[in-house]
Amino acid sequence: MVNPLSIKPLAALFVALMLAAPVSATTQAEINATLRADVSIWDGLFAIALADQLRETCPTLEARRIRATRFIYGIYGQARDYGFSRSEIRAFQRDDGVGDQMRARVMGYFEENGVREGAPETYCALGEAEIAAGSPAGTLLRAR
C-alpha cells in the first residue's frame, strides 16, 4: 500500500515542474500568425511599407527618418510585448509569406488609388494625399 503522505510531496513536485516547463513550444509559424493577426502591428508595417514605396518612387518625397525610426521601434515594442525574442521577430520580418502578403496589400492599395507602375507622378500624388490626410504612412513622409 502506498503511503498517502508520500503522494502529496510528489504531487507538489509534479505541479512545480509542470509550471516551470512550457506547455508547448511556440513555432515560428505560430509567432508569424500571432504578429500577423495583431491589427496594430500589421497596419503599422503596412504604413511603413507604403511610405517606403512612395518615397522610393516619387522624387519629391522623402522620409521623416526620426519619426519613422520611432514608429518602427514602437511596432517592435508591441511585438516584444508578446514575449517574442529579437530573432523571432526578425524571422517574421524576413518571412517570404509575410512579405508576399504585405506586397499584395500595398499593390492593392496602389491599384485602388490610381497608382500606375512607371508613372512616378501617380506615386507623388498618392504620397501628397497621404501627407495631407495625416495618415500613418503620410506622417512618415514629407515633400521636398
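Any read-out appearing in this document is the output of simple, stated calculations on the displayed coordinates, not a laboratory observation. The structure presented is a predicted model; accordingly, all values stated were derived computationally and were not measured. Neighbour counts are summed over all protein chains in view; Cβ atoms, including those assigned to glycine, are modelled from backbone coordinates with ideal geometry.
Excluding Arg103 itself, what net charge comes from residues whose Cβ is under 12 Å from its Cβ, given Lys and Arg +1 and Asp and Glu -1? That sum, taken over residues with Cβ under 12 Å, equals -2. Placing R0 at 25 angstrom, the Cβ-Cβ distance between Arg105 and Arg144 gives a FRET efficiency of 0.40 after rounding to 0.05.
Counting neighbouring Cβ atoms within 10 Å and putting the fewest first, the residues Asp96, Asp81 line up as Asp96, Asp81. Expressed per residue, the C-alpha convex hull volume of the stretch 27-143 stands at 99 Å³. Modelled label positions at Glu56 and Glu121, each set 7 Å beyond Cα in the direction of Cβ, lie 2.4 nm from each other.
In this rough spin-label picture, where each label sits 7 Å from Cα along the Cβ direction, the Asp43-Ala129 distance is 1.9 nm.
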